[in-house]
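First the structure, in the form of structure tokens, and then the observations on it.
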Amino acid sequence: RLRHRVKKNLRVTIPVHTKDVPEITLRRILKQAALSEDEFTKLL
């Protein structure tokens with residue numbers, strides 16, 4: 001589980017995959033994390 005840096009009560013479960021994460025799964029993770037695709041890309 002990961003915690004949001006600003007929103008300390010926000011927690012997101014990230015599944016461990018041996019392959020690429022399906023797009024729909026990634027979108028759901030971003031939604032739970034309250035991140036836009038651009039914000040996520042900047043973190044990479």
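Pairs meeting the criteria (first residue in region 31-44 and in contact (Cβ under 8 Å) with a residue 12 or more places away in the chain, second residue among the basic types (K, R) and surrounded by 10 or more Cβ atoms within 10 Å (Cβ to Cβ), beta carbons under 9 Å, at least 6 apart or on different chains) are Q32/R11; A34/K7. Being at pLDDT below 85, more than 10 Å from the chain's Cα centre (by Cα), loosely packed, with under 11 Cβ neighbours inside 10 Å and part of a helix (DSSP H, G or I) is a condition met by no residue of region 20-33. Within region 35-44, the set of residues being in a loop (DSSP other than H, G, I, E, B) and at pLDDT 85 or above comprises L35, S36. Note on region 1-18: among residues that are farther than 10 Å from Q32 by Cβ and polar (S, T, N, Q), the one that is modelled with the lowest pLDDT is N9.
The values are calculated or read from the model by the stated rules, or taken from the named source; none is laboratory data. Because the structure is a prediction, the values reported are computed rather than measured. All Cβ positions, even for glycine, are placed from backbone atoms using ideal geometry, and neighbour counts span all protein chains on display.
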